[in-house]
């Protein structure tokens, strides 16, 4: 009888209790993993060029546009390296269920700022020359089976063209790859100058400006200087880092950081209570056996080690199930939210974090049973039965 | 252990009834002396509350005297610390209790193997030892059975196999037949007598049962503080 066999047999003494407790652990880790996936998405763009990028939008709302000539004014601020702009198109293919993350972008500068989208130079040149050309991500190309040269009619839920139609004609001019898994490969870009000339209203305006700053520049100072320029105009701005901008978009729905913290604390406090209670109960039921094992020569340390491993087995079973289910769910969530928030995935280092968490939780859960075992008087326990 | 002699010298054992009181003490043994020679089968008798089980626990290192010396095989065990005592018990003592305390999740074979987990024996050696112990108590054919599939007598036989599997020199039995019918009790007692006579185990058995005491080579009555070499011939002699 190996130690491992002993742990398994003891764990499955009360199978329903084990299953229910493992299920509660699984739920806790399911939630933790889901939130970790979303948190990863919120933080995935930190690093690379994105840490040197600012986003400037209308102070009141993202839905209100800003004049395109802000580009030159922002570029004059000290520490600014380059400025580009873009407008949200609100596109869809065939029907509104096929929503697309589609933007009109300033064609000369946009992709030099956003170098996480990898486009071959010939394709990029070809796109720049083609007024109705679109750059699509590999994910879009795969999903819809589009290839270079295809003529694609796309509709907008916001913008009407001069012909009075919401349907726009495009040609696939380039397909981009991504630098990493966290970069969204389901975006579509087209030329802002075509957008401006073709739309029926709102010309010479853009939804937001993206500003690249030099590595040695003071981010806060530039942010303040950019906004100060337009403070008293009718198009006042709000400038933030790109990361804050993405987080704010997500937090239109909920304060994710707060939700994550509150849920985690509640879930793990409850989890510890449940598993602690289970382990205390399991050991109380086995006091006579434990006393007998002590009489046979098993040391307290040996028995405590068994209880710790039992707790660990219970917690890790639940954690495994929870993480597995969360991974499946996250892949579905990523598909549904790819237009809204990219990079919903689990970083491999997260599993090391879960492992450490399970080790620690097992320590907490086996603490009181360990005390019981240590204090157990063999003569009292075995004597009381007779 | 050089020999298996058991010596209790000037043993005092008191229990405190209440944690908050200092004068509320129960004296179980007062200046008690006892010597059991290696290879003896001794029955400890007497009414409840006389400290029979307490003596057994002192000899087995499960409890410590308030004062006095417990010397087993020339080693004073009441001076050993907790971990030393644990190791000492594993090497020298086999316990058989009224309740068998078998682990319900393990088969008879696995229950008997349990004490061997503390030895350096490999898996096949452990299996072999356990099988030998089970056949010694005539339970070889029940090796794969779980405790709930065994009768009370069979469970006690498995408990005895577990007690002897690591070949301890001393067996301490606390009312080993207390839960059994007469016929089964006689079978268990015959088995203990066999272990004593054929395998030289020193056995100390606590019992209320005069019939059980007949199997012992010496009976010690704690009430009269006397012993008799033949239990069925009640000639009490004051020590």
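Of everything listed in (1) modelled with pLDDT under 85; (2) closer than 25 Å to residue A:269 by Cβ; (3) surrounded by fewer than 13 Cβ atoms within 10 Å (Cβ to Cβ), the single unmet condition for residue A:346 is (3). Restricting A:54, A:34 to residues that are in a strand (DSSP E or B), at negative phi and outside the structural domain of residue A:153 (by TED's automatic domain parsing) narrows the list to A:54. Restricting segment A:290-302 to residues that are closer than 14 Å to residue A:369 by Cα and surrounded by 20 or more Cβ atoms within 10 Å (Cβ to Cβ) leaves a set whose member that is nearest to the other protein chains (Cβ to nearest Cβ) is A:291. Among the residues making up segment A:106-130, those that are crowded, with 16+ Cβ neighbours inside 10 Å and in contact with a helix residue (DSSP H, G or I) (Cβ under 8 Å, 6 or more places away or on another chain) are A:106, A:107, A:111, A:113, A:114, A:116, A:117, A:119, A:124. Restricted to segment B:68-85, and to residues there that are out of contact with any strand residue (DSSP E or B) (no Cβ under 7 Å at 6 or more places or on another chain) and farther than 15 Å from residue A:297 by Cβ, the residue that is surrounded by the most Cβ atoms within 10 Å (Cβ to Cβ) is B:73. Note on segment B:73-85: among residues that are part of a helix (DSSP H, G or I) and more than 9 Å from chain A (Cβ to nearest Cβ), the one that is nearest to residue B:143 (Cα to Cα) is B:85. Considering segment B:101-138, and only residues there that are part of a loop (DSSP other than H, G, I, E, B) and surrounded by 24 or more Cβ atoms within 10 Å (Cβ to Cβ), the residue that is nearest to the other protein chains (Cβ to nearest Cβ) turns out to be B:101.
Taking (1) surrounded by fewer than 20 Cβ atoms within 10 Å (Cβ to Cβ); (2) assigned by TED's automatic domain parsing to the domain that holds residue A:345; (3) in contact (Cβ under 8 Å) with a residue 12 or more places away in the chain in turn, residue A:177 satisfies each apart from (2). One residue stands out among those in segment B:86-100 that are surrounded by fewer than 24 Cβ atoms within 10 Å (Cβ to Cβ) and assigned to a helix (DSSP H, G or I): the one that is nearest to the other protein chains (Cβ to nearest Cβ), which is B:90. In segment B:45-67 there is at least one residue that is more than 14 Å from chain A (Cβ to nearest Cβ), buried (at least 23 other Cβ atoms within 10 Å of the Cβ) and touching a strand residue (DSSP E or B) at 6+ places or on another chain (Cβ under 7 Å).
Within segment B:158-190, the set of residues being over 11 Å from residue B:95 (Cα atoms), under 14 Å from the mean Cα position of the chain (by Cα) and outside any loop (DSSP other than H, G, I, E, B) comprises B:188, B:189.
Has segment A:309-330 got at least one residue that is closer than 29 Å to residue B:60 by Cα, assigned to a helix (DSSP H, G or I), away from chain B (no Cβ under 14 Å) and in contact with a helix residue (DSSP H, G or I) (Cβ under 7 Å, 6 or more places away or on another chain)?
No.
Yes or no: residue B:40 surrounded by fewer than 23 Cβ atoms within 10 Å (Cβ to Cβ) and within 16 Å of the chain's Cα centre (by Cα)?
Yes, satisfied.
Kindly evaluate residue A:99 against the criterion of being within 29 Å of the chain's Cα centre (by Cα) and under 30 Å from residue A:326 (Cβ atoms). It is true that residue A:99 is within 29 Å of the chain's Cα centre (by Cα) and under 30 Å from residue A:326 (Cβ atoms). Return the residue satisfying two criteria in turn: it lies in segment A:5-40 and is touching a helix residue (DSSP H, G or I) at 6+ places or on another chain (Cβ under 8 Å) and within 12 Å of another protein chain (Cβ to nearest Cβ), and of such residues it is farthest from residue B:115 (Cα to Cα). Selected residue: A:14. In the set (1) modelled with pLDDT of 85 or more; (2) part of a helix (DSSP H, G or I), residue A:333 fails one condition alone, (1).
Can you find a residue that is closer than 15 Å to residue B:194 by Cα, within 14 Å of chain A (Cβ to nearest Cβ), surrounded by 20 or more Cβ atoms within 10 Å (Cβ to Cβ) and in contact with a helix residue (DSSP H, G or I) (Cβ under 8 Å, 6 or more places away or on another chain) anywhere in segment B:148-162?
Taking every residue of segment B:148-162 in turn, at least one turns out to be closer than 15 Å to residue B:194 by Cα, within 14 Å of chain A (Cβ to nearest Cβ), surrounded by 20 or more Cβ atoms within 10 Å (Cβ to Cβ) and in contact with a helix residue (DSSP H, G or I) (Cβ under 8 Å, 6 or more places away or on another chain).
Identify, by number, the condition in (1) more than 30 Å from residue A:118 (Cβ to Cβ); (2) modelled with pLDDT of 90 or more that residue A:72 doesn't meet. Exception for residue A:72: condition (1).
The values are calculated or read from the model by the stated rules, or taken from the named source; none is laboratory data. In this text the structure is predicted, and so the values were computed from the model without any measurement. Neighbour counts are summed over all protein chains in view; Cβ atoms, including those assigned to glycine, are modelled from backbone coordinates with ideal geometry.
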